[in-house]
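The values are calculated or read from the model by the stated rules, or taken from the named source; none is laboratory data. Note that this is a predicted model, so its numbers are computed, not measured. Here Cβ is always computed from backbone atoms with ideal geometry, including for glycine, and neighbour counts include all displayed protein chains. Just so you know, the surface numbers come from the protein's heavy atoms only, side chains and all, with ligands and any DNA or RNA stripped out. Shrake-Rupley method; radii C 1.70, N 1.55, O 1.52, S 1.80 Å.
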Amino acid sequence: MSLAAVPTTTVDPFSPEVLADPLPFQERLREAGPVVYLTSHGVHAFGRHEQVHAALTNWQGLQSGAGVGLSNFRLEKPWRPPSLLLESDPPRHDAPRRVLSAVLGPRVLRSLRERWSADAEALVDEVLAGPDEFDAVPALAEAFPLRVFPDAVGLGPDGRENLLPYGNHLFNAFGPANALVEAGRPRAPELGARVAGQCAREALSGDGFGAAVWAAADRGEITPEQAPLVVRSLLSAGIDTTVHGLAAVLHAFATHPAQWRRLRERPQLARVAFDEAVRWQSPVQTFFRTATRDVEIGGTVIPDGGKVLMFLGAANRDPRRWADPDAFDLGRDPSGHVGFGMGLHQCVGQHVARLEAEALLTALAARVASIRQVGDGERQLNNTLRAWASIPVRVHRA
Ligand code: EJD
């Protein structure tokens, strides 16, 4: 371990300029060294795959229980009651995780596959009945998760319009208290209360993911006090993430026509295409951890209580790990990307996300001969998400 000075940068990765176009900053971060100190927020940052992976898998030395945003829950009151999964560590983390893992497990997903495929086919048929040019974000990336996921959770018909604004603020709130967070603050208490209301047993249908969480409480696997917060995790992590994951893969294909032809020839590539798009765009860009003691990573000691910032998006394009990292290529094996995290907190809903993507891409590939982005589109700036507000496309029906 060397005592050489850690490279520093004064650049704020949460500034509008970097959020709008993060790749140049991420390259400088990776090239500066395995660990870089961000003077803008007083945290150590990792941009290389090796250190991001090491940090994600070191739950003993780098905890989540003090929050996975910049705010340190040991010092500051969180804006909402902490998540029992995301913002928690073993052993308290493990029972809720086991429950959600079973609720979103392979058996349940097998039973959803046919219905979601039919839903995707119906949505794509509706869109293709309209103009050849449309905005793929509202028409597909938002419409599909909002059509299938709240029903799968068992939400009632009212209040679904709160889910995207809630998620947008939640993911902003992991970053610093900048203008994006300030803009969301006025509505945050109201949105939090509305979402919490949707997590009560009485608010949920008898046959969805939500009811399955409550059934686990009835069996004693979690307490009845924990159940609504576990349902809240579904509503927190299950919408915006899949919307922007689908937006990422639609943008990828709409700018890579040869890859679209490849998918059309072999629709079985839909799953690998989605993971490759998650690697290439990294809809979830960053997360923090907090050092539980002095902990060494990449030759630098992170002091006890210090926050570290992991750049998942930078790791997913690290040339030390990936050949031709900036290429969106269905021929590569994207496994090992950290777009779903890694280790004990790795996305518990990743199979749900992949099933949604597979259903939508399969329905599109069967019906759309070509999809081309027309214009640059518009980013939706968010402190955590690499998100799209608009992806204008022109399609030719098959
Ligand atoms: C998340 C990065 C929760 C929760 C869990 C996971 C996320 C957000 C919220 C999805 C983080 O348990 O509330 S991608």
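Tabulated results
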| quantity | calculated |
| --- | --- |
| Candidates PRO81, PRO90, PRO325: whichever shows maximal mean-square fluctuation once the chain is modelled as a Gaussian network with Cα springs under 10 Å | PRO81 |
| Positive-end extreme of charge dipole, the chain - chosen from ALA193, PRO91, ALA389 (charges on Cβ) | PRO91 |
| Sulfur and carbon atoms: percent of accessible area, the stretch 182-234 [1.4 Å] | 57 |
| Lys/Arg +1, Asp/Glu -1 at C-beta; the stretch 266-398 dipole; positive extreme among PHE288, ALA327, ALA365 | ALA365 |
| Accessible solvent surface per residue of the stretch 334-385, calculated while the other protein chains remain in place, 1.4 angstrom probe, Å² | 33 |
| Accessible surface, the stretch 59-216, averaged per residue in Å² (probe 1.4 Å) | 46 |
| Cβ-placed point charges (K, R +1; D, E -1), dipole of the chain about Cα centre in debye, nearest 20 | 580 |
| Check: the stretch 200-300 dipole with +1 on Lys, Arg Cβ and -1 on Asp, Glu Cβ, in debye | 520 |
| Karplus-derived 3J(HN,Hα), 6.51/-1.76/1.60, for each residue of the stretch 56-66, Hz, glycine and proline x | 5, 9, 9, 6, 6, x, 10, 8, 9, x, 8 |
| Exposed trypsin sites (Lys or Arg not before Pro) absent: longest stretch of the chain, with sites in DSSP loops and at most 13 other Cβ within 10 Å deemed exposed | 93-218 |
| THR255 versus VAL374: modelled label distance in nm, points set 7 Å from Cα along the beta carbon direction | 1.9 |
| Of SER40, SER205, ALA143, farthest towards positive along the dipole that unit charges on Lys, Arg, Asp, Glu beta carbons give the chain | SER205 |
| Gyration tensor verdict on the stretch 100-199 (Cα atoms; rounded if a/c is under 1.5, prolate if a/b is larger than b/c, oblate otherwise) | oblate |
| Within the stretch 47-66: backbone nitrogen closer than 13 Å to the ARG320 label point (7 Å, Cα to C-beta) | 47-55 |
| For ILE297, residues with placed amide H under 5 Å, excluding near neighbours | ILE302 |
| The chain, relative contact order [Cα under 8 Å, separation at least 6], % | 26 |
| Distance (nanometres) between label positions extended 7 Å along Cα→Cβ at SER117 and ALA193 | 4.5 |
| Förster radius 25 Å - calculated FRET efficiency between ALA398 and GLU133 (Cβ-Cβ, nearest 0.05) | 0.90 |
| Length gained when the stretch ALA179-ARG107 is fully extended (0.36 nm per residue, less Cα-Cα span) | 21.6 nm |
| Residue-averaged 222 nm ellipticity for the chain, from DSSP H runs of 4+ at -39500 (n - 2.57), nearest 500 | -13000 deg cm²/dmol |
| Global geometry of the chain, whether rounded, prolate or oblate, following the gyration tensor of its Cα atoms and the 1.5 cut on a/c | oblate |
| Förster-model FRET efficiency, 35 Å R0, LEU344 and ARG160, C-beta, rounded to 0.05 | 0.65 |
| Computed magnitude of the charge dipole of the stretch 48-201 (debye, nearest 20; Cβ of K, R +1, Cβ of D, E -1) | 1000 |
| Residue-wise HN-Hα coupling along the stretch 163-180, computed from phi with Karplus coefficients 6.51, -1.76, 1.60 (Hz; x: Gly, Pro) | 5, 5, x, 4, x, 4, 5, 3, 6, 5, 5, 6, x, x, 6, 8, 4, 5 |
| Loop sites in the stretch 114-213: GluC sites (Glu not before Pro), DSSP, at most 12 other Cβ within 10 Å | none |
| The stretch 169-230 versus the stretch 52-114: alpha-carbon centroid distance in Å | 14 |
| Using θ = phi - 60° and Karplus 6.51 cos²θ - 1.76 cosθ + 1.60, couplings along the stretch 106-121 (whole Hz; Gly, Pro as x) | x, 5, 4, 5, 4, 6, 8, 4, 5, 5, 5, 5, 5, 4, 5, 4 |
| Carbon/sulfur fraction of accessible area - the stretch 322-398, other protein chains in place, 1.4 Å, % | 48 |
| R0 of 45 Å, Cβ-Cβ distance ARG367-HIS41: FRET efficiency to nearest 0.05 | 0.45 |
